[in-house]
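Report on one structure; see the data block that follows.
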Amino acid sequence: MSMAGSNGVSITVSDEEECDELGRTRARVRRKRKKPSYRAKSELAQRVIRWLVKYWLFLVFVPATVLLLYEASRVGRKTSPEIDSKHSSGRARVEKRPMANLNRLDPKYRFVHGIRERCLKLLPQEELEHLDIPVDEGSTGPVNKVLYISERDSLDLEGSTVLSSQLTETTRFNLFTGNQTLDQREKSFKVNETAMVHCGFYSDNGGFKISNEDKNYMERCEVVVSTCAFGGGDDLYQPIGMSRASVRKVCFVAFWDDITLSAQEYAKQTIGEDGFIGKWRIVVVKELPFTDQRLNGKIPKMLSHRLFPHAKYSIWVDSKSQFRRDPLGVLEALLWRSNSVLAISEHGARSSVYDEAMAVVNKNKATPEEVEVQLAQYRLDGFPEDKRFNGKKALAEASVIVREHTPLSNLFMCLWFNEVVRFTSRDQLSFPYVLWRLKVPQNIHLFPVCIRKDLVNSMGHLRKARPLIR
């Protein structure tokens, strides 16, 4: 408390009042007046929020649609896998895929009774180098000779004249195949010492023309590994895993058409002056007889005995695969060791022709109508639905075919080819039927799938083959 002089007015002020007064003063000093713009900013933010809530769907989907259209345009600008055959340069725009399996030599294994063993049991390398081709002792089977029906046969001269003017969409028979009647088909399945059968190359005007230079080379082949790519469907893969003996004794022949030739030249696969690309002798075929390239491919696949008249053995490899084992070693393991004339892989997924037919239709590999025509004929012939014949799996996967060129195996391949021409191009459907009709399965070796996987590196088909346009 404080006191003033005696002549003045005495004023008393308490400490509490002083503090309270100072507090009110300070409060008034610190209090700030709201700026006029604060309310405007708040109202603007509220408007933005209301606009976003109202139009959020538009804001999300419009950018997404623009992005989708952009990606679609990028896909449309990607290189097409088809070949523009209209350009004289024949350039092929090829879509490359990763080749993870290319040049792999690792062996495949399987478990048998709990024991891990290699699928394909080849001889040791030093024995492969000294492996000789067996001496031909002549045919000792039920068929000793096969005669091939041609236009020159006097019994067929009249029919060939009619055939040349009957190239319609209702039949695939033509001057290459000859017009096999149902009666001739039935007779061809009767096993005799001398068989007479249609087997392609019916007429000199039937197509599948090969140059004389290539013919001379092919006639010198004793053992051949062959493949084909018609319509620019696949690339060429060099064989690997060979012994020096196989390099000296085995021919490697790849059949191309002009479309594949243009595609491979564009991909820098150029045929050398000696006719080779690497180990492959390239044979360019002119005048293919079928518009269906799959059917054209059956000619080198099934009729190697017609193309290589002096060859004793052949190994067929689909163009989607790289052959990776020693050819002479494969012949010893799959034919000579088991005394077989034909070796082919079992089917990996199915065992019944009728199940396979359903799968072919479901995968759009053939029309339901043409498959039903084939099955109806097989049922009429009494073909059973058995999944095994004499302990052998009935269905085969024919991407690798190993065989000796004996009269029996040659007849088998001719009959198989005729079924493929008459019905569908899906050779899995007709193989069991021919096996059943010939009734000689003891010389046929159907090996397990893991052996096929050991024989080749599978790359899959790179492009769809272009059909021929007549």
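Among the residues of region 394-424, how many are open to solvent by 10 Å² or more (accessible area, probe 1.4 Å) and over 27 Å from Val223 (Cα atoms)?
Residues flagged as open to solvent by 10 Å² or more (accessible area, probe 1.4 Å) and over 27 Å from Val223 (Cα atoms) within region 394-424 amount to 2.
Being out of contact with any strand residue (DSSP E or B) (no Cβ under 7 Å at 6 or more places or on another chain) and crowded, with 22+ Cβ neighbours inside 10 Å is the requirement here; does Asp274 meet it?
no
Identify the residue in region 302-318 that is in contact with a Phe, Trp or Tyr (Cβ under 8 Å, 6 or more places away or on another chain) and open to solvent by less than 20 Å² (accessible area, probe 1.4 Å) and, among all such residues, is nearest to Gly232 (Cα to Cα). Write out each step before concluding.
Start the filter on region 302-318 by keeping residues that are in contact with a Phe, Trp or Tyr (Cβ under 8 Å, 6 or more places away or on another chain), which leaves 302-304, 306, 314-315, 317.
If we keep only those that are open to solvent by less than 20 Å² (accessible area, probe 1.4 Å) too, we end up with 302-304, 314-315, 317.
Values: Met302: 20, Leu303: 21, Ser304: 21, Ser314: 24, Ile315: 22, Val317: 17 Å.
Among those residues, the one meeting the criterion is Val317.
Select from region 99-114 the residues that are open to solvent by 100 Å² or more (accessible area, probe 1.4 Å) and either in a loop (DSSP other than H, G, I, E, B) or of a type outside the set (Ser, Thr, Tyr) (or both) and write down the one among them that is nearest to Ala333 (Cα to Cα). Please lay out each step first, then the result.
First, the residues of region 99-114 that are open to solvent by 100 Å² or more (accessible area, probe 1.4 Å): 109, 111, 113.
Next, from what is left, pick out any that are either in a loop (DSSP other than H, G, I, E, B) or of a type outside the set (Ser, Thr, Tyr) (or both): 111, 113.
Working: Phe111: 19, His113: 21 Å.
Filtering region 99-114 for residues that are open to solvent by 100 Å² or more (accessible area, probe 1.4 Å) and either in a loop (DSSP other than H, G, I, E, B) or of a type outside the set (Ser, Thr, Tyr) (or both), the one nearest to Ala333 (Cα to Cα) comes out as Phe111.
Within region 231-250, does at least one residue satisfy the condition of being open to solvent by 60 Å² or more (accessible area, probe 1.4 Å) and in contact with an Asp or Glu (Cβ under 9 Å, 6 or more places away or on another chain)?
yes
Examine region 231-248 for a residue that is within 15 Å of Lys298 (Cα to Cα), in a strand (DSSP E or B) and either within 21 Å of the chain's Cα centre (by Cα) or not aliphatic (A, V, I, L, M) (or both), and state whether such a residue exists.
From region 231-248, those within 15 Å of Lys298 (Cα to Cα) are 231, 233; that's our starting set.
Next, only the ones that are in a strand (DSSP E or B) stay: none.
No - not one qualifying residue is present in region 231-248.
Taking only pairs six or more apart or across chains, which ones have beta-carbon atoms under 7 Å, a first residue in region 98-125 that is over 22 Å from Glu346 (Cα atoms) and of a type in the set (D, E, K, R), and a second residue that is open to solvent by less than 60 Å² (accessible area, probe 1.4 Å) and part of a strand (DSSP E or B)?
Pairs found: Arg104/Asn457.
What residue, of Val135, Val162, is part of a helix (DSSP H, G or I) and modelled with pLDDT under 90?
Working: Val135 fails: part of a helix (DSSP H, G or I).
Only one candidate passes the filter, namely Val162.
Residue check, Asp386 against (1) outside any helix (DSSP H, G or I); (2) in contact (Cβ under 8 Å) with a residue 40 or more places away in the chain, all met but one. Which one?
Evaluating Asp386 over (1) outside any helix (DSSP H, G or I); (2) in contact (Cβ under 8 Å) with a residue 40 or more places away in the chain leaves (2) as the failure.
Do we have any residue at all in region 278-295 that's open to solvent by less than 10 Å² (accessible area, probe 1.4 Å), in a helix (DSSP H, G or I) and either within 13 Å of Phe208 (Cβ to Cβ) or in contact with a Gly (Cβ under 8 Å, 6 or more places away or on another chain) (or both)?
Within region 278-295, one or more residues are open to solvent by less than 10 Å² (accessible area, probe 1.4 Å), in a helix (DSSP H, G or I) and either within 13 Å of Phe208 (Cβ to Cβ) or in contact with a Gly (Cβ under 8 Å, 6 or more places away or on another chain) (or both).
Given the structure, is Leu122 farther than 30 Å from Gly231 by Cβ, open to solvent by less than 90 Å² (accessible area, probe 1.4 Å), modelled with pLDDT of 55 or more and not polar (S, T, N, Q)? Spell out the reasoning first.
Working: farther than 30 Å from Gly231 by Cβ: yes; open to solvent by less than 90 Å² (accessible area, probe 1.4 Å): yes; modelled with pLDDT of 55 or more: yes; not polar (S, T, N, Q): yes.
Yes: the conditions hold for Leu122.
To keep it simple, each residue is scored yes or no on (1) at pLDDT below 50; (2) over 30 Å from Ser340 (Cβ atoms); (3) in a strand (DSSP E or B).
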residue	(1), (2), (3)
Ser85	yes, yes, no
Arg116	no, no, yes
Ser139	no, no, no
Thr170	no, yes, no
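Where the second residue is open to solvent by less than 20 Å² (accessible area, probe 1.4 Å) and part of a helix (DSSP H, G or I) and the first is without any contact (Cβ under 8 Å) to a residue 60 or more places away in the chain and under 23 Å from Ile133 (Cβ atoms) and lies in region 292-312, which pairs have Cβ atoms under 9 Å and are six or more apart or on separate chains?
That search, which allows pairs on different chains as well, returns nothing.
It is to be established whether one or more residues within region 316-337 are under 30 Å from Lys145 (Cα atoms), assigned to a loop (DSSP other than H, G, I, E, B) and either in contact (Cβ under 8 Å) with a residue 12 or more places away in the chain or touching a His at 6+ places or on another chain (Cβ under 7 Å) (or both). First the steps, then the outcome.
In the first step, residues of region 316-337 are kept if they are under 30 Å from Lys145 (Cα atoms); the result is 316-318, 327-337.
Still in the running and assigned to a loop (DSSP other than H, G, I, E, B): 318, 337.
In the following step, the residues that additionally are either in contact (Cβ under 8 Å) with a residue 12 or more places away in the chain or touching a His at 6+ places or on another chain (Cβ under 7 Å) (or both) were identified as 318.
Within region 316-337, one or more residues are under 30 Å from Lys145 (Cα atoms), assigned to a loop (DSSP other than H, G, I, E, B) and either in contact (Cβ under 8 Å) with a residue 12 or more places away in the chain or touching a His at 6+ places or on another chain (Cβ under 7 Å) (or both).
The values are calculated or read from the model by the stated rules, or taken from the named source; none is laboratory data. Keep in mind it's a predicted model, so treat the numbers as computed, not measured. Quick reminder, even Gly has a Cβ in these numbers, built from the backbone with ideal geometry, and neighbours come from all protein chains shown. Each accessible area value is taken on the protein alone, full model and side chains, heavy atoms only, with ligands, DNA and RNA left out. Shrake-Rupley method; radii C 1.70, N 1.55, O 1.52, S 1.80 Å.
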